[in-house]
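The values are calculated or read from the model by the stated rules, or taken from the named source; none is laboratory data. As the structure is a computational prediction, the values presented were derived from the model and not from experiment. Neighbour counts run over all protein chains shown; Cβ positions are idealised from the backbone, glycine included. Note: accessible area is taken over every heavy atom of the protein model, side chains too, but ligands, DNA and RNA are not part of it. Shrake-Rupley method; radii C 1.70, N 1.55, O 1.52, S 1.80 Å.
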Amino acid sequence: MWDDAFPSFLIGLREGLEGGLIVSILVATLVRAGAKARLPQVWTGVLAAVALALSFGAVLTFTAASLSATAQEAFGGALSVVAVAFVTAMVFWMRRSARSLSGEIKEKVTGALGMGAGVLVLTSFLAVGREGLETALFLWTTARAAGESAGPMTGAGIGLVLAAGLCWGLYRRVLRINLTKFFTATGVVLIVIAAGVLGYGLRDLQEGGALPGRAAYAVDLSGGVDAGSWYSTLVQGVFNLTPTMTWLQVVAYVGYLAVVMTLFVRGVRATATARRTASAPKPQTQPEPRAETERRA
């Protein structure tokens, strides 16, 4: 159960912290602008975004339940691939935006204050809604890969509660967290987890007949590895690696991990180099001697 909970815990913590930071910035901007009376508009947008995420999860669950076994495999596999795409985009977006997120949101809220109430509701809804939809989709695919929902939902709940506590501490200035380092570290772990989700999703598509190579195994350790052992459960729960994997799964797993991790690490290094260059003191130009200046004149 707890092995299956870790990926959900991480996504709940990270997405919860992203969404919580956005809400904190929205609230702080209104308070500092002397517009506390418009806080209900922010909470209306936030609650609407949460309701949308829950509804999306329910739609996925009921839609899958109404399909045949083969169609369920194809449907789940396709959504797993979509979830990987969303998580990958989120990881890269947050790496680039962690430092400028506060300024961007403050600018949007300041612009919304001069307009009607609906604009502020829409601003908070859109700001939080994206995080909610990504969380719902990734949790649904994680629970499906685990074969049960108790562990993933428990992990996600713990992550969200912890994220809410961290956001409260940051808002009250009780805590100080280097968000750039936090999102970089969690981004690396999420890329590894997403590689496993991609492999699992492609396997589902093969089982559903949408992709070929269903019986073309690159790895088959079923005869020597106990699928019910603690170490097998740990590896499968965290990384979605199974004793038997097709060539498509292995190639996709290794290819995704190699390409995405390389681009991510390269981007982190480039950002760090640019930051050091920007903060480095500029060399002072020495004034020319007075005699030389007069001679030129």
**OP:** Please list, in chain and number order, the residues 5+ apart from L241 or on another chain whose amide H is under 5 Å from its amide H, with Hs placed from the backbone.
**Re:** Q236
Original post:
Separation of segment 17-54 and segment 121-147 by C-alpha centroid, Å?
Top reply: 17 Å
Original post:
How much accessible area per residue does segment 151-247 have, in Å², with a 1.4 Å probe?
Top reply: 52 Å²
Original post:
Using the beta-carbon distance between A65 and S97 and R0 = 25 Å, what value does 1/(1 + (r/R0)^6) give for FRET efficiency, to the nearest 0.05?
Top reply: 0.10
Original post:
Taking H as built 1.01 Å from N, whose amide H comes closer than 5 Å to the amide H of G208, not counting residues under 5 places away?
Top reply: A74
**OP:** With label points built 7 Å along Cα→Cβ from the Cα atoms of A218 and A272, find their separation and express it in nm.
**Re:** 3.0 nm
Original post:
Which far-off residues, 5 or more places away or on another chain, put their amide H under 5 Å from the one on A218, with H placed in the peptide plane?
Top reply: M245, T246, W247
Original post:
Roughly speaking, what is the stretch gain from R176 to S55, that is 0.36 nm per residue apart minus the C-alpha to C-alpha distance, in nm to one decimal?
Top reply: 40.1 nm
